[in-house]
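These notes concern the structure reproduced below.
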Amino acid sequence: TEDLHGDLSGVTPEQLGYLKEWEDKFNEKYTVVGSICETMSLSKEELATFDGKDASKPILLSIRGCVFDVTKGRDFYGPEGAYPFAGKEVARALAKTSLDKQDFNDNLEGLSHTEMRTLGEWERKFQSKYKIVGKLVA
């Protein structure tokens, strides 16, 4: 894809004026509802720092390497929440519907078809409810 914030040194003042007019028209007609943000690449150690204990940071968790911002689910995933998943990779735990810390990982070996289907259901739920903000890297 092309960088839309590239070098404008070759653009004439007249062209910049037209661009500004279009930007103003767009901003008058449409509400800005969000912004595109770069996704993060986090190690497991970095992910662990987003566990909800520091209120100035978002609460994150990972499912099969896909990092979700679950801050709006603080009551569920925060330090006092029912699910101790914040700051962790939890694919196996979700597949097994387990709260056992030994299942807080992405190892899917030995899971049954039913457990894999359960994991898929959880992934779809998280995708529909929470923003994907990055990926887990080795």
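Within the listed set ALA91, ALA82, ALA48, the Gaussian network model of the chain (springs between alpha-carbon atoms below 10 Å) gives the highest mean-square fluctuation for ALA82. Just checking the listed ones, VAL70, VAL90, VAL11: in the Gaussian network model of the chain with Cα springs under 10 Å, the one fluctuating most is VAL11. Amide H to amide H distances under 5 Å link MET40 with GLY134, LYS135, where only residues 5 or more positions off or on other chains count and H is placed in the peptide plane.
Shown here for the stretch 61-110: GluC sites (Glu not before Pro) in loop regions (DSSP other than H, G, I, E, B) with at most 13 other Cβ atoms within 10 Å, namely GLU80, GLU109.
For LYS88, the residues 5 or more places off, or on other chains, whose built amide H falls under 5 Å of its own are SER62.
Amide H contacts of GLY52: LEU60, each under 5 Å away and 5 or more positions distant or on a separate chain (H built 1.01 Å from N in the peptide plane; Pro and chain starts excluded). Write down the percent of antiparallel bridges among all DSSP beta bridges whose residues are both part of the stretch 40-136, to the nearest 5. Counting only bridges with both partners in the stretch 40-136, antiparallel ones make up about 65 percent. Note that the stretch 25-138 shows a convex hull volume over its alpha carbon atoms of 124 Å³ per residue. For the stretch 32-137, the number of Lys pairs with C-alpha atoms closer than 14 Å, counting only pairs eight or more positions apart or on separate chains, is 8.
Here the extension length gained between ASN105 and THR49 equals 18.5 nm, from 0.36 nm per residue of separation less the Cα-Cα distance. Between THR114 and TYR30, full extension at 0.36 nm per residue minus the direct alpha carbon distance yields a gain of 25.7 nm. For the residues THR31, THR97, THR114, a GNM of the chain with alpha-carbon springs under 10 Å puts the largest fluctuation on THR31. Once the C-beta distance of LYS131 and GLU80 is scaled by a Förster radius of 35 Å, the resulting FRET efficiency is 0.95 to the nearest 0.05. Extension gain for the segment LEU8 to GLU23, taken as residue separation times 0.36 nm less the Cα-Cα distance, is 3.9 nm to one decimal. Only Cα pairs under 8 Å and 6+ residues apart enter the sum, and on that basis the relative contact order of the stretch 40-136 stands at 32 percent.
Each value in this text was obtained by applying a stated rule to the coordinates, not by laboratory testing. Since the structure is predicted, the reported quantities are computational estimates derived from the model, not experimental observations. Glycine gets a Cβ as well: all are built from the backbone with ideal geometry, and neighbour counts include every protein chain shown.
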